[in-house]
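Input: a single structure, listed below in structure tokens.
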Amino acid sequence: MNSLHRQFPPDFVWGVATSSFQIEGAASEGGKGESIWDRFCRQPGAIADASNGDVACDHFHRLDDDLDLIASLGVNAYRFSVAWPRVQADGHGAFNPQGLDFYERLVDGLKARGIQPWLTLNHWDLPQGLQDRGGWFDRDTVHRFVDYARHVQARLGDRLAGLTTHNEPWVVATLGHDKGIFAPGIQSRRVAAQVSHHLLLSHGLALQALRADGARSELGIVLNLSSTVPATAMPADIAAARLADAHGRRWYTDPLFKGSYPEGALADLGADAPVVQAGDMGVIAQPMDYLGVNNYTRSVIAASGEDWNAKGRGLPVSDMDWEIYPQGLTDLLVQLRHDYARLPKVYITENGGAFPDARLVDGRVQDDDRIDYLRTHIAAVASALQQGVPMAGYMVWSLLDNFEWASGYLKRFGIVHVDYDTQVRTPKASAEWYREFLRQWRG
Ligand code: PNW
């Protein structure tokens, strides 16, 4: 077989990814307002190690060193997000002129190093001031988001390679508003369904507005998607997997690429289905330049509702207890290609693994499990490419060990180790592997 790097074209986008809340720290500096994650972290029991994002990786104060670190990997792209409350403290009213200075330094620093900036507008840190007005449940937040999107594009849009509206709306809606395990910690299926609709609507309206303003970068959205399969061949399990796929995947991809919510999921929601105004679905189905896919595992569904626990079954899992199943990534991508005639080009905007590699041994982290994870998943992308899926890029989650949401600092996804006492960054063996892989690919 051809060596792996030869299976990717010369214009393929290779990156590393992060998000604002998970790395920046400086939670109340430079005029930054409070976000819903700043608030949520203070709720007792919300975060596994009772930590917060006040310091995180202190990236806000270490920008130049981190830019050099990114460049040292040999990637040609970096995916990051803007903290909305840094740019507009309360999410409405005045913009903070200092706010975008930081992101301008970031974008210009990337460009100076020959790295494409990929900017995400919403990686979950909504201004608390908007949550106080109802957050994503309130239709007005949709319009606040469009204003914010236009403001960011006006300042930085001429230098971006890609602009993403939302990261993983399913996580915001379901984990944040139905399960309540992520900010803002609400538990209501009805609220969550309305939130998902408003996130999609704000994506479509933002795309329209950004295009009207003369967008120069690629515009799209990032979804967390998994291949979803039944636990057994029993008809009940097959039906349960179909419904789970409708709620988790097609709830987002059908509106974006077909202009409608999947019937099965709507029927299942019943009275909890969202209020949809005339014209909304057409706005959501706006053509986009790319789809970003975040993928970590596959989803195995049993009708009994029993958690089909991979670890219990002796299957390989990461430190999140998520099954490691690279074929699932190929299956997912081939399925998207099959389901949607309008599928645009696809970037893997996150893929990677948490592994318990916290301990530095002789100043090194020999994370062979992560190297295996990355190699097999990159091979899964190559396989999708060969089967005709329009794959355009791949980004590792994550550049750095960082604040892993409800898991706090206990789970480490970085290809670069972070010592949270000293903030010293140490590239792991996986970072060296990625650098060497990219060197070979460049030829
Ligand atoms: C994504 N789930 O989050 C996020 O985009 C990242 O910020 C995060 O660090 C990364 O994946 C690893 O978790 C997810 O439970 C969080 O299905 C939870 C789920 C999926 C994605």
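The values are calculated or read from the model by the stated rules, or taken from the named source; none is laboratory data. Keep in mind that this is a model prediction, so the values were computed, not measured. Positions of Cβ are generated from backbone atoms using ideal geometry, with glycine treated the same way; all protein chains shown enter the neighbour counts. Each accessible area value is taken on the protein alone, full model and side chains, heavy atoms only, with ligands, DNA and RNA left out. Shrake-Rupley method; radii C 1.70, N 1.55, O 1.52, S 1.80 Å.
Annotation note: of PHE12, PHE102, the sole residue that is surrounded by fewer than 21 Cβ atoms within 10 Å (Cβ to Cβ) and among the aromatic types (Phe, Trp, Tyr) is PHE12.
Restricting segment 220-247 to residues that are open to solvent by 20 Å² or more (accessible area, probe 1.4 Å), assigned to a helix (DSSP H, G or I) and of a type in the set (Gly, Ala, Ser) leaves a set whose member that is farthest from LEU333 (Cα to Cα) is ALA236.
What are the residues in segment 77-121 that are among the hydrophobic types (A, V, I, L, M, F, W, C), farther than 20 Å from GLY135 by Cα and part of a helix (DSSP H, G or I), if any?
Across segment 77-121, the qualifying residues are LEU100, PHE102, LEU106, VAL107, LEU110, ALA112.
Summed over segment 70-120, the residues that are of a type in the set (Lys, Arg) and modelled with pLDDT under 95 give a count of 0. Within the option set VAL389, VAL346, VAL381, being part of a strand (DSSP E or B) and either more than 16 Å from the ligand (Cβ to nearest atom) or farther than 19 Å from LEU73 by Cβ (or both) holds for one residue only, VAL346. Meeting the requirement of 2 or more residues that are more than 30 Å from GLY414 (Cβ to Cβ) and without any contact (Cβ under 8 Å) to a residue 24 or more places away in the chain, the helices (runs of 4 or more DSSP H) wholly within segment 249-332 are 263-269.
Looking only at residues of segment 151-190 that are more than 13 Å from the ligand (Cβ to nearest atom), over 29 Å from ASN96 (Cβ atoms) and assigned to a helix (DSSP H, G or I), we find that the one that is least open to solvent (accessible area, probe 1.4 Å) is ARG189.
When only residues in segment 273-328 that are within 16 Å of the ligand (Cβ to nearest atom) and among the basic types (Lys, Arg) count, which is nearest to the chain's Cα centre (by Cα)? Give the derivation first.
As a first pass, look at segment 273-328 and keep what is within 16 Å of the ligand (Cβ to nearest atom): 291-301, 307-311, 317-325, 328.
Going one step further and asking which of them are among the basic types (Lys, Arg), we end up with 298, 311.
Values: ARG298: 16, LYS311: 25 Å.
Out of the qualifying residues, it is ARG298.
Picking from residues in segment 358-391 that are crowded, with 22+ Cβ neighbours inside 10 Å and of a type in the set (D, E, K, R), the one that is nearest to the chain's Cα centre (by Cα) is ARG370. In segment 268-285, the condition of being buried (at least 17 other Cβ atoms within 10 Å of the Cβ) and over 22 Å from PHE137 (Cβ atoms) is met by at least one residue. For segment 66-76, check the following and say yes or no: at least one residue is of a type in the set (Ser, Thr, Tyr), crowded, with 21+ Cβ neighbours inside 10 Å, part of a helix (DSSP H, G or I) and touching a residue at least 12 places away in the same chain (Cβ under 8 Å). Within segment 66-76, none of the residues are of a type in the set (Ser, Thr, Tyr), crowded, with 21+ Cβ neighbours inside 10 Å, part of a helix (DSSP H, G or I) and touching a residue at least 12 places away in the same chain (Cβ under 8 Å).
Taking segment 392-422 as the range and being in a loop (DSSP other than H, G, I, E, B), open to solvent by 10 Å² or more (accessible area, probe 1.4 Å) and either away from the ligand (no atom under 11 Å from the Cβ) or aromatic (Phe, Trp, Tyr) (or both) as the test, the residues that pass are TYR409, LEU410, ASP419, TYR420, ASP421, THR422.
The set of residues in segment 26-57 being within 16 Å of the ligand (Cβ to nearest atom) and in a loop (DSSP other than H, G, I, E, B) consists of CYS41, ALA46, ILE47, ALA48, ASP49, SER51, ASN52, GLY53, ALA56, CYS57. Inspection of segment 201-219 identifies at least one residue that is farther than 19 Å from ASN122 by Cβ, open to solvent by less than 50 Å² (accessible area, probe 1.4 Å) and not in a helix (DSSP H, G or I).
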